[in-house]
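Following: one structure in structure tokens, then a few remarks.
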Amino acid sequence: MNEPETPARKLRLATASLSGCFGCHMSLLDIDERILALIERVEFDRSPLTDIKHCGACDIGIIEGAVCNAENVQVLREFRAHCQVLVAMGACAINGGLPAQRNHLDVRQCLGQVYRTEQGEVAVPDDPELPRLLDKVYPVNEIVRIDYFLPGCPPTGDAIWKFLTDLLTGRTPRIEHPLLQFD
């Protein structure tokens with residue numbers, strides 16, 4: 001009599017969006033019905049799809065968005081500490097993307113313009129719920145070590161699917177020209 005096969009352990013996958021447009025997560029949803037095949041292989045941990053707020057021990061972490069504030073740094077370091085493999089997905093995570101366009105501006109001067117009262121006084125909110133802005137916007141690899149980079153703005157659902165299936169099957173992910181997209 002044959003022994004029943006032990007089902008393969010599902011890998012744990014976490015995702016986070018730092019500072020950006022959230023387009024990479026929208027592209028993750030663009031894998032369409034293939035998300036059902038993905039769910040057969042992975043269990044989602046922290047992700048906008050699960051609304052879990054902290055990253056537990058995971059096999060794979062995917063980060064989209066640039067690092068603009070202290071909360072982004074905290075989330076990114078939590079992911080690096082808890083994820084065996086960490087992936088930077090999209091232009092913002094890889095090189096700062098559109099959020100990095102503020103790097104040529106003085107943050108204090110910008111806050112002064114934004115939070116100027118009608119009387120001309122500057123009243124920048126000082127609340128622990130508001131994360132402290134960093135002096136500039138950083139790509140994620142300037143804060144923590146990144147194992148893989150998935151370029152695109154955003155990467156297409158097909159590129160994300162190819163990347164994830166390569167990674168989940170133990171192959172080195174390789175995205176070639178037709179799947180790369182920078183809209």
Exercise. Report yes if some residue within segment 43-51 is in contact with a Cys (Cβ under 9 Å, 6 or more places away or on another chain) and aromatic (F, W, Y); otherwise report no.
Key: no
Self-check item: Filter pass, A16 being over 14 Å from the mean Cα position of the chain (by Cα), modelled with pLDDT of 95 or more and of a type in the set (A, V, I, L, M)
Solution: no
Quiz prompt | Options A100, A93; residue that is within 24 Å of the chain's Cα centre (by Cα) and over 30 Å from A8 (Cβ atoms) | solution = A100
Self-check item: Residue among V124, V137, V85 that is outside any helix (DSSP H, G or I), in contact (Cβ under 8 Å) with a residue 60 or more places away in the chain, of a type in the set (V, I, T) and surrounded by fewer than 18 Cβ atoms within 10 Å (Cβ to Cβ)
Solution: V85
Exercise. Determine if segment 34-46 includes at least one residue that is within 13 Å of the chain's Cα centre (by Cα) and at pLDDT below 95.
Key: yes
Exercise. From L168, L133, L98, grab the single residue that is touching a Lys or Arg at 6+ places or on another chain (Cβ under 6 Å) and either over 22 Å from G65 (Cα atoms) or not polar (S, T, N, Q) (or both).
Key: L168
Self-check item: Which numbered condition V137 misses (of (1) more than 23 Å from E43 (Cβ to Cβ); (2) at pLDDT below 95)
Solution: (2)
Self-check item: Extreme residue, modelled with the lowest pLDDT, among residues of segment 152-182 that are surrounded by fewer than 18 Cβ atoms within 10 Å (Cβ to Cβ) and among the polar types (S, T, N, Q)
Solution: Q181
Practice problem: Please enumerate the residues belonging to segment 66-82 that are buried (at least 17 other Cβ atoms within 10 Å of the Cβ) and in a helix (DSSP H, G or I). | Solution: N72, V73, V75, L76, E78, F79, R80, H82
Quiz item: Where residues in segment 88-121 are of a type in the set (K, R) and free of Cβ contacts under 8 Å to residues at least 24 places away in the same chain, which of them is nearest to E43 (Cα to Cα)?
Solution: R108
Quiz prompt | In segment 144-183, residue nearest to R80 (Cα to Cα) [restricted to those that are free of Cβ contacts under 8 Å to residues at least 40 places away in the same chain and either of a type in the set (S, T, N, Q) or assigned to a strand (DSSP E or B) (or both)] | solution = T172
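The values are calculated or read from the model by the stated rules, or taken from the named source; none is laboratory data. Predicted model only: the values in this text are computed from it and were never measured. Note that we place each Cβ from the backbone using ideal geometry, even for glycine, and neighbour counts take in every protein chain shown.
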